[in-house]
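The values are calculated or read from the model by the stated rules, or taken from the named source; none is laboratory data. The structure presented is a predicted model; accordingly, all values stated were derived computationally and were not measured. Here the Cβ is made from the backbone with ideal geometry for all residues, glycine too, and neighbour counts use every protein chain on show. Remember, those area values only see protein heavy atoms, side chains included, never the ligands or the DNA or RNA. Shrake-Rupley method; radii C 1.70, N 1.55, O 1.52, S 1.80 Å.
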Amino acid sequence: MKRESVLTEKDKESIEIVQFIFHIIIEKDAKPLYLNQVSLNNEQIEFFKKRLIDVAQGIRCIFPDKPNSSTYNFCKTIIEDESSFIKMSKKLTSSFKEQHKGNTSDGVFIVSQVKIRENPGFIFLIKIDNRLVYQYKVNNDRATLKRIKDTFVEDTKAIQKMALISISDVYAWEALVYERNSDSIKSISRIS
């Protein structure tokens, strides 16, 4: 029988990031800047695991038309063939950019395959906006500021959207969804 609940404490403790990549979305550019590898240190892994736990408090959704849902099918392909991860992550990013044209800020779109209780049937999607960051340098009693470009910060306020997609049949939901502007998602229970 499928579980109605969101992630339990044991589920949250067992989260493991299997594969991780991000691609860069610049609103004015026709297509994203695609990457083929991203390295994370332990501190960064913990940050993203915490965001995954945050999305567990999100809205439970289903895909009413799975055969025609590009998001669901790209995620399913990753689960069925882990070697397709980079290719499908690029398709997910492109699809996100197209669906949010004029409605998203510059930033990164992260795709991660995760295991929960040894079940590798989950894809974590997260859009993080770029944030303005200044670096300061102090020389004696004087400081100079320098703007650092191409940054995103480990601040939850920079997160535009998050979704945990379940390809497994363990839960009654197929996606847990969080959006920074939560008022716009409260009534959504079906996604495309």
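Condition (residue is surrounded by fewer than 20 Cβ atoms within 10 Å (Cβ to Cβ) and under 25 Å from Lys12 (Cβ atoms)) applied to segment 81-103: is it met by at least one residue? Scanning segment 81-103 turns up at least one residue that is surrounded by fewer than 20 Cβ atoms within 10 Å (Cβ to Cβ) and under 25 Å from Lys12 (Cβ atoms).
Out of the residues in segment 153-169 that are modelled with pLDDT of 80 or more and of a type in the set (Ser, Thr, Tyr), state the one that is farthest from Gly58 (Cα to Cα). Residue satisfying both the conditions and the ranking: Ser168.
One line per residue, one yes/no per condition, for (1) under 21 Å from Tyr178 (Cα atoms); (2) assigned to a helix (DSSP H, G or I); (3) modelled with pLDDT of 95 or more:
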position	(1), (2), (3)
Asp29	no, no, no
Asn36	no, no, yes
Ser39	no, no, no
Glu43	no, yes, no
Phe74	yes, yes, yes
Met88	no, yes, yes
Val111	yes, no, yes
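Within segment 62-85, no residue that is acidic (Asp, Glu) sits with its Cβ atom under 8 Å from a residue that is open to solvent by 20 Å² or more (accessible area, probe 1.4 Å) and assigned to a helix (DSSP H, G or I) at 6+ positions apart or across chains. Condition first: open to solvent by less than 40 Å² (accessible area, probe 1.4 Å) and touching a strand residue (DSSP E or B) at 6+ places or on another chain (Cβ under 6 Å). Can you find one or more residues in segment 134-150 that meet it? No, every residue in segment 134-150 fails to be open to solvent by less than 40 Å² (accessible area, probe 1.4 Å) and touching a strand residue (DSSP E or B) at 6+ places or on another chain (Cβ under 6 Å).
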